[in-house]
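Input: a single structure, listed below in structure tokens.
Just so you know, all these numbers are worked out from the coordinates, no wet-lab data involved. As the structure is a prediction and not an experimental result, all values here were calculated from the model. A quick note on method: Cβ atoms are made from the backbone with ideal geometry, for glycine too, and the neighbour counts reach across all protein chains shown.
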Amino acid sequence: MKQVYLLFSNEVKLEDERSMKLDYSLTERLSESEEKTPYYGIQIEKYLDDTVEKDEVTGISNSKDTVISIIKKLFQYEVTPVSMVEIVDDLVTVGV
């Protein structure tokens, strides 16, 4: 079962004066093994006008702190769902 915890939210003013909202969430799933250890991922939701865009990267790490530090960077730089996967891959590869 997946749990989703909203950690950060950004209101971004676009050049055309519209407002975009970005929600950054920590996801938690329990492994299928007998140990039932949690593993963490990231979900970003973008709200613009009447559309919602969402993407998720699951199973990044068993370390909640590591994934939260990645989410903080995504929030700080206003990363949207469309570019999240590549950026998360870079951050995990080089280390946070």
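Some notes on this structure:
- Taking the C-alpha atoms only, the angle from helix 64-76 to the longest principal axis of the chain is near 10 degrees.
- Within the straight-line cut-off of under 18 Å between alpha carbons, the lysines reachable from Lys72 are Lys21, Lys46, Lys54, Lys64, sequence neighbours fewer than 8 places apart in one chain being disregarded.
- Gyration tensor (alpha-carbon) shape descriptor, the chain, a/c threshold 1.5: prolate
- Residue-averaged [θ]222 nm for the chain, counting only DSSP H segments that reach four residues, each worth -39500 (n - 2.57): -9000 deg cm²/dmol
- Local charge for Glu45 was computed over the other residues whose Cβ lies under 15 Å away, with Lys and Arg +1 and Asp and Glu -1, and equals -4.
- Reach of Lys2 by Cα under 20 Å, taken over aspartates and glutamates that are not fewer than 8 positions away in the same chain: Asp23, Glu28, Glu32, Glu34, Glu35, Glu45, Glu53, Asp55, Glu56, Asp65
- Degrees, to the nearest 10: 81-94 long Cα axis against longest axis of the chain: 50
- Likely footprinting exposure, Glu45, Glu17, fewest C-beta neighbours within 10 Å first: Glu17, Glu45
- Relative contact order (%) - criterion: Cα under 8 Å, at least six apart; region: the chain: 23
- Stretching Leu7 away from Thr93 to a fully extended chain increases their span by 28.7 nm, per 0.36 nm per residue minus the current alpha-carbon distance.
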